[in-house]
């Protein structure tokens, strides 16, 4: 697949794994235009996170559900500040560990552990469906949450299975960060200087639409996206695009909702025409 994106300018709206995604695209020859969508901060009040960690160590949960890799890494930051890493890792090792997609699994491996189950569909609905097939009645389940998502339905589904849920929210988003970058990215797409925009989370879609609307650029954004192929990493992103009245042009094959399959799909789709940037230089 090397150099299959040579000369194509790809816009990415990433923060948590921006460096990795950018590196993978650059390895295929892409000219990567990076636009951070928000800044991630630790939970402003660490007391709740500290208390959750203490409860975990004192009485390990039967099950642990990690929704994001970032979440576990932020928890580990607090664990290390409290100087209780060996005890916490030992407690997590006793739990059955569920990962919503591959990212939490990678974070678990960073502390020497493996997920017991990785959801086939990395959505809250997919997680709920997976847990519904298991016997968790009477279990204590630790649930790591993430910002900009209403987790009430998921929590209710877990409780309906007979489990007790103990939640932790280890980080927040700064929704006002990078406004200038977002508007500049819209300008680049509107001017036809982007060959594709690659979206890897539903939050990116909402942030893009909300920022454009807040600055009176909603019409410009929609015109820009009408002329720019939109690559979606999976069903969660595509559903959010549809909810916002937008579309998906490029989608990974074989239900492989990861960065590399997304890049492969872009290589195939974009390879059918010459790069805009190359054609105009």
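Couple of notes before you dig in:
- Count of the stretch 37-46 residues which are touching a residue at least 40 places away in the same chain (Cβ under 8 Å) and out of contact with any helix residue (DSSP H, G or I) (no Cβ under 9 Å at 6 or more places or on another chain): 3
- Identity of the residue in the stretch 13-36, out of contact with any helix residue (DSSP H, G or I) (no Cβ under 8 Å at 6 or more places or on another chain) and either surrounded by fewer than 18 Cβ atoms within 10 Å (Cβ to Cβ) or at pLDDT 80 or above (or both), that ends up nearest to residue 172 (Cα to Cα): 18
- Scanning the stretch 150-172 for residues that are assigned to a loop (DSSP other than H, G, I, E, B) and surrounded by fewer than 14 Cβ atoms within 10 Å (Cβ to Cβ), we see that the one that is nearest to the chain's Cα centre (by Cα) is 150.
- Just one of the numbered conditions (1) part of a helix (DSSP H, G or I); (2) at pLDDT below 95 is not true of residue 224: (2).
- Residues that are outside the structural domain of residue 145 (by TED's automatic domain parsing) and touching a strand residue (DSSP E or B) at 6+ places or on another chain (Cβ under 7 Å) number at least 1 in none of the helices (runs of 4 or more DSSP H) confined to the stretch 61-116.
- Residue match in the stretch 173-186 (condition: surrounded by fewer than 21 Cβ atoms within 10 Å (Cβ to Cβ), in contact (Cβ under 8 Å) with a residue 12 or more places away in the chain and more than 22 Å from the chain's Cα centre (by Cα)): yes
The values are calculated or read from the model by the stated rules, or taken from the named source; none is laboratory data. Predicted model, so just to flag it, every value in this text is computed and none were measured. So basically every Cβ, Gly included, is an ideal-geometry build from the backbone, and we count neighbours across all protein chains shown.
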